[in-house]
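Worksheet for the structure shown next.
The values are calculated or read from the model by the stated rules, or taken from the named source; none is laboratory data. Remember, predicted model here, so these are calculated numbers, not experimental data. Note that each Cβ is placed from the backbone with ideal geometry, even for glycine, and that neighbours are counted across all protein chains shown.
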Amino acid sequence: MADSGGAAATDGTPRRDFLNLVTASFAAVGVGAVAWPFIASMQPARDVLALASTEVDLAPIVEGQAVTVMWRGKPVFVRHRSAAEITSAREVPVSQLPDPAPDQARVQKDQWLVVLGVCTHLGCVPLGQKPTDARGDYGGWFCPCHGSHYDTAGRIRKGPAPRNLEVPQYAFTSDTKIRIG
Ligand code: FES
């Protein structure tokens, strides 16, 4: 009698079956645990949906001032341009620009420039938002990573960046409010 139990134990088969079963059930739990967050991540979270568009109140931004707002994880520069900044953006012949684009095509209202604050070279955030920042040779933004200079329309003028700062999709929802996205 002891033989049959002993034979099974020394044979090892039932023990292996048990181990296989345990391993299989752990694997099933493991797949379930991994699958849930993955499926959950496919649904846009409510806070992400909320950030799909961002509203900016322009009223407090005085002439010459700029603010940075975060939109979809990226900085957006909103600058209230002075008359001199607008003139300087418009007096350069478009054909001389590395990435030719007239200033008028990059703004919806002359005094408001809205661009992504991401250098088109390798993605650094250019300087020029604070009054004490370096703004480069053209009065817009300066990317210190490799020395790209942007003008007051956010266009690349000098340095390795290949393209102008991107203008995101946005709309004026009133005279003093924009919605980005
Ligand atoms: S990342 Fe801006 S110049 Fe290289």
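The residue pairs whose first member lies in region 120-138 and is farther than 13 Å from A161 by Cβ and not assigned by TED's automatic domain parsing to the domain that holds R90, whose second member is more than 14 Å from the ligand (Cβ to nearest atom) and hydroxyl-bearing (S, T, Y), and whose beta carbons are closer than 6 Å, counting only pairs six or more residues apart or on different chains, do not exist in this structure.
Determine whether V115 is within 16 Å of the ligand (Cβ to nearest atom), part of a strand (DSSP E or B) and within 22 Å of K177 (Cβ to Cβ). The answer is yes for V115.
Checking region 162-170 against the condition returns a match, with at least one residue being buried (at least 18 other Cβ atoms within 10 Å of the Cβ) and within 14 Å of the ligand (Cβ to nearest atom). Can you name the residue in region 139-154 that is away from the ligand (no atom under 14 Å from the Cβ) and not acidic (D, E) and is also farthest from V107 (Cα to Cα) among such residues? For region 139-154, the residue satisfying everything is G139. Scanning region 141-157 for residues that are touching a residue at least 24 places away in the same chain (Cβ under 8 Å) and assigned to a strand (DSSP E or B) yields W141, C143, S148, Y150, D151, I156, R157. Each residue in region 118-138 was checked for being touching a strand residue (DSSP E or B) at 6+ places or on another chain (Cβ under 8 Å), within 11 Å of the ligand (Cβ to nearest atom) and in a loop (DSSP other than H, G, I, E, B), and 8 pass.
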